[in-house]
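Quick note: the coordinates plus some simple rules give every number you see, no bench work behind them. The model shown is predicted, which means the values in this text are computed figures rather than measured ones. Heads up, the Cβs are rebuilt from the backbone with ideal geometry, glycines too, and the neighbour counts pull from every protein chain shown.
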Amino acid sequence: MLNLTIDGKKVQAEAGWTLLDTARQHHIEIPTLCYHEAVEPFGACRLCVVELRQGDNSRLVASCVYPAEEGLEVHTMSEKVKNVRRWILEMLLSECPASEAVREMAAEYGVDSTRFEVRNPEEECILCGLCVRACAQVVGANAISTVGRGAQKEIGSPYLIPGEACVACGTCVTVCPTGAMRARFDRVRGVPEVVMAKAGK
Amino acid sequence: MAQTAIDIDIDEIIERYPGKPEYLIFLMQDIQAAFNYISPEALTLVCDHTGVAESQAYAVATFYNSFSLEPKGENLVQVCLGTACHLKGSGLIAENLMRSIGLDEPGTTEDLKYTVETVNCLGACALAPVAVVNEAYQPKVSSPKLMKTVKKLGDA
Amino acid sequence: MEELEQLRGELQAAVDPDQTMIVVCHGTGCVANGSQDVTQALKNALAEAGEDIKVMPGIKTTGCHGFCSRGPLVIIKPANVFYQQVKPGDVEEIVAQTILKGETVDRLLYKHPQSGDALETTDEIPFYAGQERVVLQNIGQIDPTDLEDALRAGAYAGMAKALTAMQPAEVIESVTKAGLRGRGGAGFPTGVKWGLAAKHGDVEKFVLCNADEGDPGAFMDRSVMEGDPHAVVEGMIIGGYAIGANVGYVYVRAEYPLAIKHLEMALDDARALGLLGENILGSGFNFDIRINRGAGAFVCGEETALMRSVEGKVGEPVPRPPYPSDKGLFGKPSVLNNVETWANVSRILDRGWEWFAGLGTEKSKGTKVFALVGKVNNVGLVEVPMGIKLKEIVMEIGGGVPGSDHFKAVQTGGPSGGCLPWEDAELPVDFDSLIAAGSMMGSGGMIVMDDRDCMVDVAKYFLGFLEEESCGKCFPCRLGVPRLRETLNRFSKGQGTVEDIDDLYSLAEAIKMGSLCALGGTAPNAVLSTLRYFRGEYEAHILEHRCPAGVCKDLITYKIDPDTCTGCRACARACPQEAISGEKKKPHTIDESLCIRCGMCMESCKFGAIQVF
């Protein structure tokens, strides 16, 4: 057993646990968007950052990937942590304003509006990559991936058209934290013939 | 350049490397070099050979700058936007060149005559601002100089 | 090992040190300026003069001599007569005067920028005299495509020593004691890094060379690979032996075709001579190297992203821990160092850690190679001892700023670094001083800026660069860098408020602290360092709607000086907007409402009549 403190509270962790595992085991809330038990942690959304302090030194790490270590002093709600979360949430509000999940989480941090320009009011996808990882790691279909890079990145199947790799299992839709995959699903699997027939096509 | 590509046997390229995922980028680079772009058919062959899922290969093809999924123009003009070139006005030079051949942003002209790319530092800072026209370095270019060089290629 | 030293001795003995050798620089800069034509002209001229020459001089083409702004360079050895900006047409005179008569061609000599005196040899030129060449010691001396020439200069002596006379642990100890810190940017102690990988014992491991030199304004590593590829190969073999790896990978930018070619030749030649491959020098140690070409992604300079790319994947960084020394390439313990670090390893093993530890400062040992570029007289590649003052590099070795007695700023560390003002001219250049000043060493780009460079524009430039190069995986970088750039965009249009500056600080902090890798973690540095030293310039944009340097398009106007304008119509012909009018041979004027500030008029004016306000 490893001994560490989270927000001043002494807690124990088993070797191999992450800081997020440890906190959740002890009912300490840490917000996440790109994390899901069913797939490998990714460390991308950075909402789960926590502060590690050692004397005067301090740094932020993503708790979903950082391993619990003996003697760590962890702070989950310090000013530095909240500053990172607030900015990410405010930027998400402008990037994917249609997402209910993002709006709710932002409100918890007192972020009700965004100073940034909204490009697409319909956008829900936060690019957490859960759909891609679930399709690869859980289903094994590898039907979708991230396409492009940086600010232009998006989620899709090759050439952004329906492909044969999709088995239409819907795992990506289930795992999506914002509901964005619902709208993209047909572009990945193609519109099934039944639906086409109903629509009289 | 692109014209000779037809003679190149894609199977010969595929067989240059063992069928392992780590050779994905090698293969895509060789295909890009031979054909000037990576066609969907070529990408499928690469995936079959290396055992990489098509979605993964597509992710790689769209992540790295050097891969193009569409044919490029006959003439390739690269304008360096490294810091030294930027300070000496390469941003304006690129804009002026693109405007003069009817491009709003880096890319290929409709008639497939030119592809203009802006590139990160070529490491030829002593020649700043520098452009590369069909692999030939153009040291200390200016907008008028570069536009003239490029127009000449098009007329040839 | 004895055989290697015997061969080296024979090779050295076969060369007459007094024989005249004409060295032509074939670095990328000189080649672009036509040095290959100069070499051809030399060959022709020598053949023609053949009968008149008593002892035929040799011609040697080498890697980059560093003095790129003066190329093509020709040096006549052994006297080291230095000719600059040599054209094929000058060659006949060089042969007639210098080769046949032993006299110098004065008009081709370098003139001292202040005194105007013609300087005859490299040793007299401040650009060279102020340097301390360790990594670059052979570059410009040897033919990089000739292993025998490299051997004459001492190549593979350090490797031979390590493999035949030292235990792996002793090699690591030497590198640690030398105090070598990684030259790729962060300055992590190299020996410590090796020790972390070595401790995994007898498992498959890898060494890698980061040759994905992506910082704009940096070309140190390219020059090393082009000019002395064996130094890199030798360093990697030593590293492989030290940590217990049998395979090495060089990940090199595809934009460096000549570097790739020279490396490939070096590997083939080393294999043929038994310096690479199975049972190197009979030591029982096997090691080979393969080359991966980059595919165009700056983020692949980050070690975990680089390893993913070598695996054939998308170059996205992954969180550390696990560190690459535990779980790196293909999940195996791996050590990644950059080109300059590997070259230093060869020197340390050859000349001993004590010698290396005697160079530089207490915490930053050795030398550092910088690419000195921008608004500086002597653009090129320089190697200086750590701890040298910023001013010495720019104003002495670099010969100062054209038309000015000071620089406005010096940018170091590439997109991750920052801008240092003239007030920091006395700053010692080492890892820790640069970080304390808000910049960083980075891989060695040093970009000099003068009063015509706008700091808001420079910060915007670097953010734009990083926005394009962000992999897009982690949210703070993907979302935050574009937002920082947008704010600066508004500033450069004269919009925004002083409160926006406060927000900028807060967002910058969130990006720095929250990002997954160093690309995002250092992305705000360009903004933060320019705000720290040039806040007044930001305020001039926001409060006075003015760009003091005359760069930001929306805040400037182009005007024609009626006294200088000759009415030649060159500008009017160049203007894509037909915004310039005036009678022939009479001063012209620009219609501001039509002007798009493209600068074409300024570039086409031969009289300097176009001014920016």
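Brief remarks follow.
- Each residue of the range A:105-111 was assigned a 3J(HN,Hα) from its phi angle through the Karplus curve 6.51 cos²θ - 1.76 cosθ + 1.60 (θ = phi - 60°); the sequence is 5, 4, 4, 4, 9, x, 9 Hz, with glycine and proline shown as x.
- At the listed q of 0.11 Å⁻¹, the Debye profile of the range C:242-385, built from one uniform point per Cα, gives log10 I(q)/I(0) equal to -0.57.
- Spacing of the two label points (7 Å from each Cα toward its C-beta) at A:GLU73 and C:GLU499, in nm: 3.6 nm
- For chain B, the share of DSSP beta bridges that are antiparallel, to the nearest 5, is 55%.
- Sparsely packed GluC sites (Glu not before Pro) within the range B:102-156, loop by DSSP, other Cβ within 10 Å at most 12: B:GLU110, B:GLU135
- Hits among lysines - C-alpha to C-alpha of C:LYS473 under 24 Å, sequence gap 8 or more where chains match: A:LYS80, A:LYS82, A:LYS153, C:LYS313, C:LYS327, C:LYS332, C:LYS460, C:LYS512
- Look at the alpha carbon pairs under 8 Å that are at least 6 residues apart: their mean separation over the length of the range C:19-127 gives a relative contact order of 29 percent.
- Note that the range A:2-77 shows a convex hull volume over its alpha carbon atoms of 83 Å³ per residue.
- Cα radius of gyration and Dmax for the protein assembly as shown (Å): 29.2, 97
- Residues whose amide H falls under 5 Å from that of C:LYS368, counting only those 5 or more places apart or on a different chain, are C:VAL384, C:MET386, with hydrogens built in the peptide plane.
- When you count the other C-beta atoms within 10 angstrom of each residue and take the mean per peptide, B:89-99, C:547-557, C:19-29 line up highest first as C:19-29, B:89-99, C:547-557.
- The alpha-carbon atoms of the range B:75-155, seen along their principal axes, cover 34, 21, 19 angstrom, with the largest extent given first.
- Counting DSSP beta bridges with both ends in the range B:75-155, the antiparallel % (nearest 5): 55 percent
- Using θ = phi - 60° and Karplus 6.51 cos²θ - 1.76 cosθ + 1.60, couplings along the range C:330-341 (whole Hz; Gly, Pro as x): 6, x, 9, x, 9, 10, 10, 10, 8, 3, 5, 5
- Remark: mean inter-chain Cβ contacts per residue of A:59-68 equal 3, using a 10 Å Cβ-Cβ cutoff to other protein chain atoms.
- Taking a ≥ b ≥ c as the square roots of the eigenvalues of the Cα gyration tensor, an a/c ratio of 1.5 or more together with a/b no larger than b/c marks chain C as oblate.
- In terms of other Cβ atoms within 10 Å, C:LEU281, B:LEU146 run from fewest to most in the order C:LEU281, B:LEU146.
- Cβ neighbours within 10 Å from other chains - mean over C:478-484: 6
- Footprinting exposure proxy for C:SER439, A:SER78, C:SER346, B:SER66 (fewest neighbouring C-beta atoms within 10 Å first): A:SER78, B:SER66, C:SER439, C:SER346
- For the range C:151-190, fraction of C-alpha pairs farther apart than 10 Å, in %: 74 percent
- Antiparallel bridges, percent of DSSP beta bridges restricted to the protein assembly as shown (to nearest 5): 65 percent
- With a Förster radius of 60 Å applied to the beta-carbon distance between A:GLU122 and C:ASP52, the computed FRET efficiency rounds to 0.15.
- Its Cα gyration tensor gives the range A:81-123 an equivalent ellipsoid, and the semi-axes of that ellipsoid, as √(5λ) in whole Å with the largest first, are 16, 11, 7.
- R0 of 41 Å, Cβ-Cβ distance C:ALA14-B:LEU112: FRET efficiency to nearest 0.05: 0.15
- Distance between the range A:138-158 and the range B:123-156 - C-alpha centres, whole angstrom: 37 Å
- Hydrodynamic radius of the range C:485-601 by the Kirkwood approach over all distinct alpha-carbon pairs: 16.9 Å.
- Once C-alpha pairs closer than 8 Å and six or more residues apart are averaged by separation and normalised to the residue number of chain B, the relative contact order reads 19 percent.
- Signed unit charges on C-beta, dipole axis of chain C, positive-most listed residue C:GLY536, C:PRO476, C:GLY9: C:PRO476
- Spin-label model distance (nm) - C:ILE596 vs C:LEU543, 7 Å beyond Cα toward Cβ: 3.5 nm
- Each peptide among A:156-164, C:379-387 gets the average number of other Cβ atoms lying within 10 Å of its residues, and from highest to lowest they stand as C:379-387, A:156-164.
- Chain A, relative contact order [Cα under 8 Å, separation at least 6], %: 16 percent
- 10 Å Cβ neighbours from other chains, averaged over peptide C:290-297: 5
- Relative protection proxy for C:453-466, A:41-54, from highest mean packing down: C:453-466, A:41-54 (other beta-carbon atoms within 10 angstrom).
- Annotation: amide H of C:GLY418 within the under-5 Å range of C:THR412, C:MET440, sequence separation 5 or more or interchain, hydrogens built in the peptide plane.
- Local net charge near B:SER100, Cβ-Cβ under 11 Å (Lys/Arg +1, Asp/Glu -1): +2
- Set of lysines with alpha-carbon distance to C:LYS111 below 23 Å, sequence-local pairs under 8 removed: B:LYS140, C:LYS77, C:LYS87, C:LYS101, C:LYS375, C:LYS391
- Remark on C:ILE590: its backbone amide H falls under 5 Å from those of C:ILE560, a criterion applied only to residues 5 or more positions apart or on other chains, H modelled at 1.01 Å from N.
- Note on the range C:241-295 and the range C:142-207: Cα centroid distance 14 Å, given to the nearest whole angstrom.
- Loop GluC sites (Glu not before Pro), the range C:33-120 (other Cβ atoms within 10 Å of the site Cβ: 15 or fewer; DSSP): C:GLU103
- Helices in the protein assembly as shown, meaning DSSP H runs of at least 4 residues, each add -39500 (n - 2.57). Divided by all residues, the mean residue ellipticity at 222 nm is -10500 deg cm²/dmol.
- Cα gyration tensor category, rounded, prolate or oblate, for the range C:147-357 with a/c compared to 1.5: rounded
- Shape class for the range C:329-471: oblate, because the ratio a/c of the largest to smallest gyration tensor axis (alpha-carbon atoms, square roots of eigenvalues) is 1.5 or more and b/c is at least a/b.
- The range B:40-106 versus the range C:313-380: alpha-carbon centroid distance in Å: 30 Å
- Here C:SER223, B:SER100 are placed in order of increasing Cβ neighbour count within 10 Å, fewest first, which gives B:SER100, C:SER223.
- Karplus-derived 3J(HN,Hα), 6.51/-1.76/1.60, for each residue of the range C:138-146, Hz, glycine and proline x: 9, 6, x, 9, 10, 7, x, 9, 10
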